[in-house]
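Q: My questions all concern the structure below.
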Amino acid sequence: QVQLVESGGGLVQAGGSLRLSCAASGRTFSSAAMGWFRQAPGKEREFVAAVTWNSGNTYYADSAKGRFTISRDNGKNTVYLQMNSLKPEDTAVYYCATSRYVLGLRYWNGYDHWGQGTQVTVSS
């Protein structure tokens, strides 16, 4: 099993920044990639960004490109999501997840372990 703990969420004004962290523990060797998803009230969970552990390849949703940066620290088994120029529409619960594969990272059903989520609220 892999345990994931997110942190770093909070309330920020539009245009501000937040940095989310996701610390993985347990059988992390089975993970090939980590991703961030978000879910706003009444909406489906949507892909935000992903990174592969070995090569560090990154993938972004169009809504995140140019504003968000995903990175990983292999030594700490931790993935970060730096979010800049935040907008009210970024308000959601943000989840990190692990995948055993490096393909299909934009789809939530390709992930096998999920964190509890951290709330991000952007005020206008």
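The values are calculated or read from the model by the stated rules, or taken from the named source; none is laboratory data. Quick caveat, the model's predicted, so the values are computed rather than measured. Quick reminder, even Gly has a Cβ in these numbers, built from the backbone with ideal geometry, and neighbours come from all protein chains shown. Keep in mind that these areas ignore ligands, DNA and RNA; they rest on the heavy atoms of the full protein, side chains included. Shrake-Rupley method; radii C 1.70, N 1.55, O 1.52, S 1.80 Å.
Q: Output wanted: per-residue J couplings in Hz (rounded whole) for segment 78-85, from phi through Karplus 6.51 cos²θ - 1.76 cosθ + 1.60, θ = phi - 60°, x for Gly and Pro.
A: Calculated HN-Hα couplings, in order: 10, 10, 10, 10, 8, 10, 10, 6 Hz.
Q: Once amide H atoms are placed 1.01 Å from N in the peptide plane, what residues at a sequence separation of 5 or more from A33, or on another chain, have their amide H within under 5 Å of its amide H?
A: Answer set, sorted by chain and number: W53, S99, Y101.
Q: Set Lys and Arg Cβ to +1 and Asp and Glu Cβ to -1, take the dipole of segment 1-96 about its Cα centre, and tell me which of N74, S63, A33 lies farthest positive.
A: The residue sitting farthest along the positive end of the dipole is N74.
Q: On to the next question. Output the relative contact order of the chain, whole-number percent, from Cα pairs under 8 angstrom with separation of 6+ residues.
A: 35 percent
Q: Once amide H atoms are placed 1.01 Å from N in the peptide plane, what residues at a sequence separation of 5 or more from H113, or on another chain, have their amide H within under 5 Å of its amide H?
A: Those qualifying (amide H under 5 Å, at least 5 residues apart or on another chain) are T98.
Q: Could you report the chain's accessible area per residue, 1.4 Å probe, as an integer in Å²?
A: With all protein chains present, the chain gives 52 Å² per residue.
Q: Roll a 1.4 angstrom probe over the protein heavy atoms and tell me the percent of accessible area of the chain that is carbon or sulfur.
A: 48 percent
Q: Okay, next question. Run through the DSSP bridge list for the chain and note the antiparallel percent, rounded to the nearest 5.
A: 90 percent
Q: Suppose every K and R has +1 on its Cβ and every D and E has -1 on its Cβ; what is the size of the dipole of the chain about the Cα centre, in Debye to the nearest 20?
A: 160 debye
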